[in-house]
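To keep things clear, I will list the structure first and then write my remarks on it.
The values are calculated or read from the model by the stated rules, or taken from the named source; none is laboratory data. Fair warning: this is a prediction, and the values are worked out from it, not measured in the lab. Cβ coordinates were reconstructed from backbone atoms using ideal geometry, including for glycine residues, and neighbour counts include every protein chain displayed. Only protein heavy atoms, including side chains, enter the accessible area calculation; ligands, DNA and RNA are left aside. Shrake-Rupley method; radii C 1.70, N 1.55, O 1.52, S 1.80 Å.
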Amino acid sequence: QVQLVESGGGLVQPGGSLRLSCVASGSRFSLYAMGWYRQGLGNQRELVAAITTVGSANYADSVKGRFTISRDNAKNTVYLQMNSLKPEDTALYYCNAGDFYGGTYFPRSSWGQGTQVTVSS
């Protein structure tokens, strides 16, 4: 089971930007697909973006064109660049190591503590 530590969250005004980082502990990081999830207060955890082992990415419709997921296998790190942030993006953001099966991303690792993103004017 991979261990994950998220960071980079904070308070930002609408229209602002933030970059989240997730550092994974494990010797096989490059073999995992990675995903970013978020959970707003009172809401269910949802998949925001996922990236394959070779860098192919997909996104939730709500963040397409605004968020970019990337990975640096040499640093065991996955990033989420968030631009044009909206109040609706306010949530606790988590990363997870997993895989794709039948075109669907499945989280496999345990959940970390997440990093809070708050978008407010």
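Structure values in brief
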| quantity | calculated |
| --- | --- |
| Integer Hz, Karplus 6.51/-1.76/1.60 couplings in order for the range 14-28, x for Gly and Pro | x, x, x, 10, 8, 10, 9, 10, 9, 9, 10, 9, x, 8, 10 |
| Exposure of ASP61 as accessible area (Å², to 10), given a probe of 1.4 Å and all protein chains | 120 |
| Dipole of the chain, positive end: most advanced residue of ASN83, GLY8, ASN73 [Cβ charges, Cα centre] | ASN73 |
| PHE67 long-range amide H proximity, modeled H, under 5 Å | ASN83 |
| Accessible area in the full protein assembly, largest first, 1.4 Å probe, for GLU46, GLU6, GLU88 | GLU88, GLU46, GLU6 |
| Under-5 Å amide H pairs with THR90, H placed in peptide plane, nonlocal only | VAL119 |
| Net charge dipole size for the range 15-85 [Lys, Arg +1 and Asp, Glu -1 on Cβ; Debye, nearest 20] | 100 |
| Relative contact order [Cα under 8 Å, 6+ residues apart], the range 39-121, whole percent | 23 |
| Percent of C-alpha pairs per 5 Å bin, the range 1-98, short to long | 3, 14, 26, 26, 18, 10, 4, 0 |
| Cut-off under 5 Å, modelled amide H: who pairs with GLY16 long-range | LEU85 |
| Dipole magnitude of the chain about its Cα centre (Cβ charges: Lys, Arg +1; Asp, Glu -1), debye to nearest 20 | 160 |
| Gained length - SER7 relative to SER121, 0.36 nm times residue gap less alpha-carbon distance | 38.8 nm |
| For PHE106, solvent-accessible area (1.4 Å; no DNA, RNA or ligand), Å² | 80 |
